[in-house]
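First comes the structure, then the notes that go with it.
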Amino acid sequence: MTIIRRPNRLHHTAYVTKDLEATRAFYEDVIGLPMIATWTEADELFGKMRTYCHVFFELADGSALAFFQFADADDQAEFGPEIPSSPFIHIALHVDKATQDEIAARVAAAGITEPQTYVLEHGYCRSLYVTDPNGMIVEFTHDLAEALDPALDATRRANARAELKRWLAGDHTNNNNFRREAA
């Protein structure tokens, strides 16, 4: 049997921001992620000299959210297109309930209100969504204790391909038993 090695964790995910200070204030002051590095660089990239700043905000596991801002307006426009404002395009970060509650309190204290923040009950998890200064939606989610059952996890893993195949074949029957029970 061949063992397939896979990445051990996210190192960072990167986005372009129009305002690094507003981004810093949101992620560091409101969300509580420490800014751990700021790299100011000038490189020849894609046929042109590019000058930019790259900052990193650390998650608990050592991975990071990173943001770029370019010194040149043309570079900023080329590499920083608008983030689509769709709740289906977002980054989701796992938190425990206490951390989610603390983030929700800081979001409220910062004056961030609906529709820039809202909560969804997915049945198997509860999610707090917040729109950052760049228009990106960030989800802070914690799992329902019952959804962490090892037997349920094993079943979900074993059935993942069959469930996708079923859905792609046109059977769109809900398989979220947690949501059905909550409804």
(request) Name the single residue, out of those in segment 73-102 being more than 16 Å from Tyr129 (Cα to Cα) and surrounded by fewer than 14 Cβ atoms within 10 Å (Cβ to Cβ), that is modelled with the lowest pLDDT. (result) Pro81
(request) Kindly provide the set of residues from segment 154-183 that are at pLDDT 90 or above, of a type outside the set (A, V, I, L, M, F, W, C) and in a helix (DSSP H, G or I), ordered by number. (result) Thr155, Arg156, Arg157, Asn159, Arg161, Glu163, Lys165, Arg166
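Each row is one residue, and each column tells you yes or no for (1) part of a loop (DSSP other than H, G, I, E, B); (2) surrounded by 13 or more Cβ atoms within 10 Å (Cβ to Cβ); (3) not acidic (Asp, Glu).
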{"site": "Met1", "(1), (2), (3)": "yes, no, yes"}
{"site": "Pro7", "(1), (2), (3)": "yes, no, yes"}
{"site": "Glu21", "(1), (2), (3)": "no, no, no"}
{"site": "Phe26", "(1), (2), (3)": "no, yes, yes"}
{"site": "Glu44", "(1), (2), (3)": "no, no, no"}
(message) Restricting to segment 136-183, count the residues that are open to solvent by 60 Å² or more (accessible area, probe 1.4 Å), touching a residue at least 12 places away in the same chain (Cβ under 8 Å) and aliphatic (A, V, I, L, M).
(response) 2
(request) Just one of (1) under 18 Å from the mean Cα position of the chain (by Cα); (2) in contact (Cβ under 8 Å) with a residue 24 or more places away in the chain trips up Ala110, so point out which. (result) (1)
(message) Of the conditions (1) without any contact (Cβ under 8 Å) to a residue 24 or more places away in the chain; (2) under 17 Å from Glu28 (Cα atoms); (3) surrounded by 15 or more Cβ atoms within 10 Å (Cβ to Cβ), Cys125 satisfies every one except a single condition; which number is it?
(response) (2)
(message) Is it the case, given these coordinates, that Leu120 is within 21 Å of Ile91 (Cβ to Cβ), free of Cβ contacts under 8 Å to residues at least 60 places away in the same chain and exposed (fewer than 15 other Cβ atoms within 10 Å of the Cβ)?
(response) yes
(message) So for segment 125-144 (the condition being in contact with a helix residue (DSSP H, G or I) (Cβ under 9 Å, 6 or more places away or on another chain), in a helix (DSSP H, G or I) and closer than 29 Å to Thr99 by Cα), does at least one residue qualify?
(response) no
(request) Mind counting the residues in segment 50-72 that are on the phi > 0 side of the Ramachandran plot and open to solvent by 60 Å² or more (accessible area, probe 1.4 Å)? (result) 0
(request) Scan segment 62-78 residue by residue and report those that are out of contact with any Lys or Arg (no Cβ under 8 Å at 6 or more places or on another chain) and part of a helix (DSSP H, G or I). (result) Ala73, Asp74, Ala77, Glu78
(request) Considering only segment 79-122, state which residues are assigned to a loop (DSSP other than H, G, I, E, B), in contact with a helix residue (DSSP H, G or I) (Cβ under 8 Å, 6 or more places away or on another chain) and farther than 21 Å from Asp29 by Cβ. (result) His122
(request) Among the candidates Glu58, Glu44, single out the residue that is under 19 Å from Thr99 (Cα atoms) and of a type outside the set (Phe, Trp, Tyr). (result) Glu58
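The values are calculated or read from the model by the stated rules, or taken from the named source; none is laboratory data. Bear in mind the structure is a predicted one, so any value in this text is a computation, not a measurement. Cβ atoms come from the backbone with ideal geometry, glycine included; neighbour counts cover every protein chain shown. Ligands, DNA and RNA are excluded from the accessible area calculation, which covers all protein heavy atoms including side chains. Shrake-Rupley method; radii C 1.70, N 1.55, O 1.52, S 1.80 Å.
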